[in-house]
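The values are calculated or read from the model by the stated rules, or taken from the named source; none is laboratory data. In this text, all values refer to a predicted model and were calculated from it rather than measured experimentally. Please note that ligands, DNA and RNA were not included when accessible areas were found on the heavy atoms of the full protein model with its side chains. Shrake-Rupley method; radii C 1.70, N 1.55, O 1.52, S 1.80 Å.
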Amino acid sequence: MRMYKTIIMCLALISLASCVQEEHLKTVTFKVDMTNIEPVSQVGVKGEFTNPPWKEILPLTDTNNDGIYELTVSQTTAVSTVEFKFVHNGVYELSGKNNRALHFEYKPETLMYEGVFDNPDAKQTTK
């Protein structure tokens, strides 16, 4: 009986270990429209993808001065969804509303996430 329990435990551990999903490279370009915000300074994104999560603001820039701030990040992960919010002058957007979310497929991906600051509507596209 003891041998039987040991075999069952080993099979259970092997089964759990084989359920670990493979990580894939995700490259995401965040774009946020800040044209309705005056004055604009210190635009960033904060979320589950920083280490530790929600502790670091990643800065976005507007190199062509069109009011659209951008940042491209790459990370290897096995998660299917990542939550985040845009930040302006250290203040989160969408106060009292759900976080924004990126949804991934189980493969390497290059995505673009386009939104308007403090407006929950957005577009996620795969490049």
Can you pull out the residues in the range 23-49 that are basic (K, R) and closer than 15 Å to A122 by Cα? K31
Matching strands (runs of 3 or more DSSP E) fully within the range 22-127 where at least 2 residues are modelled with pLDDT of 95 or more and open to solvent by 60 Å² or more (accessible area, probe 1.4 Å): 68-77, 119-126
